[in-house]
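K.L.:
Pasting a structure here, questions to come.
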Amino acid sequence: MRTIIKISFLLVALISFSCSKNDNDKPSPNKSSKKVVELKISCGSNYPDYSANLGLQVASVDADLKSDFKFVGINSTLSIFHEASIIHQANLSPIPNATSSIKTSAAVSTFTISSVFTNLKENANPLTVTYEFYVDGKKTTTKTLVFEPNNYAAKSLILDVTNTKELIEN
């Protein structure tokens with residue numbers, strides 16, 4: 001079951017990123033199209049009743065990502081590497097803290113997080129999760145999502161650093 005969730009999670013992240021671009025979008029690589037992104041995640045008080053499977057993806061318009069790229073602040077493992085896109089996966093069971101922070105180790109063009117929260121306790125209440133995005137140290141946007149017990153659907157948020165006030169949600 002966990003393998004199926006992991007595979008579907010990665011596919012959702014890949015599809016989310018590829019669907020978020022128009023064919024007419026031809027970004028010209030420049031310094032302003034890449035920035036360091038930090039994500040602060042805050043979970044509701046019932047966070048110990050849940051586990052989290054996070055898919056973290058970054059992309060670079062000039063395909064200069066290095067294989068030693070890291071998501072600072074979370075233990076994640078590399079799932080897919082390409083100079084233009086890197087995907088990591090993090091599993092937290094149970095969720096250890098109500099708040100966490102994830103920061104890119106290098107400047108990127110887009111940052112995607114796909115989240116699946118699974119209840120560990122039979123009669124768990126829904127879990128509220130707030131995502132706060134920071135670009136080059138400045139808070140840009142916030143999104144709050146609610147995850148229902150026994151619902152294993154991934155929810156994805158995509159931040160394009162050239163339009164930091166808007167999140168693409170899938």
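K.L.:
Run the quick spin-label model on residue 84 and residue 128: label points 7 Å from Cα toward the beta carbon, then report their separation in nm to one decimal.
P.N.:
Distance between label points: 4.0 nm.
K.L.:
So, one more: How much of the accessible area of region 103-151, probe 1.4 Å, is carbon plus sulfur, in whole percent?
P.N.:
After summing per-atom areas, the C and S share lands at 41 percent.
The values are calculated or read from the model by the stated rules, or taken from the named source; none is laboratory data. Only a predicted model underlies this, so the values are computations on that prediction, with no experimental measurement involved. Heads up, the Cβs are rebuilt from the backbone with ideal geometry, glycines too, and the neighbour counts pull from every protein chain shown. SASA here: full protein model, heavy atoms, side chains in, ligands and nucleic acids out. Shrake-Rupley method; radii C 1.70, N 1.55, O 1.52, S 1.80 Å.
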